[in-house]
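Before any comments, here is the structure.
What follows draws every value from the coordinates through simple rules; no lab data is involved. None of the values given here were measured: they were computed from a predicted structure. Methodologically, a virtual Cβ is constructed for each residue, glycine included, from the backbone with ideal geometry; neighbour enumeration extends over all protein chains shown.
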Amino acid sequence: MDLDRYRIRREPYYRAVGKEIELFTAAWSRRMPMMLKGPTGCGKTRFIEHMAWRLGKPLITVACHEDMTASDLVGRYLLDPAGTVWHDGPLTLAVRHGAICYLDEIVEARQDTTVVIHPLTDDRRVLPLEKKNELIEAHPDFHLVISYNPGYQSVLKDLKESTKQRFAAIQFGYPEAPVEAEIVAREADLDAETAQVLVRIGQRSRNLKGHGLDEGASTRMLVQVGRLMAAGVGLEQACEATIVLPITDDPDLRDALSEIVAACS
Ligand SMILES: Nc1ncnc2c1ncn2[C@@H]1O[C@H](COP(=O)(O)OP(=O)(O)O)[C@@H](O)[C@H]1O
Ligand SMILES: [Mg+2]
């Protein structure tokens with residue numbers, strides 16, 4: 001089976017912020033498991049899509065969640081007219097046929113689920129399928145990447161120490177203002193000046209972090225504002241729709257955010 005449907009055909013736009021492309025390429029060449037850290041909406045998913053395209057490898061993404069079981073990752077027997085048939089899960093597909101497997105928001109998964117990746121992340125590079133009584137040796141192109149946002153999680157929902165230590169990490173964050181403006185302008189198809197205004201709003205909103213906000217407006221949110229504006233919505237209404245209302249239900253914080261918007265417009 002080829003993984004044709006997991007191939008990325010067009011270059012996903014990614015604006016490098018530091019040496020992350022070089023570092024990832026080096027880690028990939030040694031198949032070193034990678035962890036992408038940082039808050040939501042700062043480019044982690046876009047980065048891995050770009051890297052998969054750059055390296056010419058299929059990318060299999062799994063959005064991890066609380067109810068996910070090890071079977072959701074490795075596979076299960078399903079009833080079929082012909083009897084019970086084994087179906088490889090996304091992780092097994094990547095291991096068997098050689099893809100980059102991206103486990104997005106890995107902390108959302110329960111710890112007993114995440115231990116299935118352990119034998120893949122050391123020199124053994126194997127995946128035991130216990131129910132099938134099979135031990136798969138990873139394809140030479142198999143590469144494991146996870147995303148991990150330590151900010152929101154409680155200690156109960158953290159990664160096991162023994163899991164964390166298996167990964168090399170790249171830190172993502174909100175880029176410097178001129179770079180973020182370049183990204184927003186490009187992604188939203190917006191002029192440079194307006195993009196700069198949006199970035200200023202984003203930066204000021206981030207100062208509210210810790211004053212009731214988990215995070216300020218992310219790059220993703222600024223892109224969303226920009227897209228509404230490019231479609232003809234005014235600045236204040238676009239900000240209300242994509243930043244102020246989604247980010248908090250607290251009336252005081254909403255007022256504070258609206259004031260930031262008014263001050264920047
Ligand atoms: N460095 C970057 N280069 C290009 N686009 C970016 C970058 N950082 C953020 N973006 C934009 O922000 C959006 C959200 O980024 P995403 O990768 O989905 O965030 P994350 O996975 O970290 O939550 C992207 O769809 C893209 O429009
Ligand atoms: Mg993402």
Treating the chain as a set of equal point scatterers at the Cα positions, no solvent, please give the Debye-formula log₁₀ I(q)/I(0) at q = 0.09, 0.10, 0.13 Å⁻¹. -0.49, -0.59, -0.91
In nm, to one decimal, how far is the modelled label at ALA82 from the one at VAL179, with both set 7 Å along Cα→Cβ? 5.1
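With each run of n ≥ 4 DSSP H residues scored as -39500 (n - 2.57), what mean residue ellipticity at 222 nm is computed for the chain after dividing by its residue count and rounding to the nearest 500 deg cm²/dmol? Don't jump to the answer; show the numbers that get you there.
Working: 11 runs with 101 residues, N = 265.
Calculated from helices alone, the mean residue ellipticity at 222 nm is -11000 deg cm²/dmol.
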The exposure ranking of SER162, SER205, SER71, fewest beta-carbon neighbours within 10 Å first, is SER162, SER71, SER205
Charges only on Cβ, +1 for Lys and Arg, -1 for Asp and Glu: so what's the dipole of segment 177-264 about the Cα centre, in debye to the nearest 20? 180
How high is the FRET efficiency between ARG186 and ASP255 when r is their beta carbon distance and R₀ equals 22 Å, given to the nearest 0.05? 0.10
Potential lengthening between HIS118 and LYS164 on full extension [0.36 nm per residue; Cα-Cα distance subtracted]: 15.5 nm
Relative contact order, percent, of the chain when contacts are C-alpha pairs under 8 Å separated by at least 6 residues? 19
Amide H proximity to ILE146 below 5 Å, modelled H, separation 5+ or other chain, gives MET34, MET35, LEU36, LEU103
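Using the Cα centre of segment 63-202 as the reference point, and only Cβ charges (+1 on K/R, -1 on D/E), how large is the resulting charge dipole? Debye, rounded to the nearest 20. Before the final figure, lay out each step's value.
Numbers: 13 positive and 24 negative charges, 124 e Å.
Result for segment 63-202 is approximately 600 debye, rounded to the nearest 20.
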Considering only DSSP states other than H, G, I, E and B, which trypsin sites (Lys or Arg not before Pro) in segment 93-127 qualify as loop sites with at most 13 other Cβ atoms within 10 Å? ARG124
What is the distance, in nm, between label points placed 7 Å from the Cα along the Cα-to-Cβ direction at GLU130 and at ARG206? 4.3
In the chain, lysine pairs 8 or more places apart or on different chains with C-alpha atoms under 25 Å apart total 17
GNM flexibility winner over the chain from ALA241, ALA82, ALA195 (Cα, springs under 10 Å): ALA82
Calculate the length of the line joining the C-alpha centroid of segment 221-240 to that of segment 70-148, in whole Å. 41
Considering all alpha-carbon pairs of segment 1-101, what whole percent are spaced by more than 15 angstrom? 69
Given Cβ point charges of +1 (Lys, Arg) and -1 (Asp, Glu) and nothing else, what value in debye, to the nearest 20, does the dipole of the chain about its Cα centre take? 900
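What GluC sites (Glu not before Pro) in segment 165-201 are in a loop by DSSP, with at most 13 other Cβ atoms within 10 Å of the Cβ? Provide the component values of the computation, followed by the final result.
Numbers: sites: GLU176, GLU180, GLU182, GLU187, GLU193; in loops: GLU176.
Sparse-neighbourhood loop GluC sites (Glu not before Pro): GLU176.
Suppose the chain between GLU11 and ALA63 were pulled fully straight at 0.36 nm per residue; how much longer would it get relative to their current alpha carbon spacing?
Working: separation 52, 0.36 × 52 = 18.72 nm, distance 2.21 nm.
Here the answer is 16.5 nm.
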In a Gaussian network model of the chain with springs linking alpha carbons closer than 10 Å, the residue among GLN203, GLN165, GLN224 that fluctuates most is GLN165
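Considering the convex hull of the alpha carbon atoms of segment 177-264, report its projected area averaged over all viewing directions, in nm², one decimal.
Details: hull surface 19.3 nm².
One quarter of the hull surface, i.e. the mean projection, equals 4.8 nm².
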Tell me which of SER162, PRO178, ILE243 sits at the most positive position along the dipole axis of the chain, charges placed on C-beta atoms (Lys, Arg +1; Asp, Glu -1). SER162
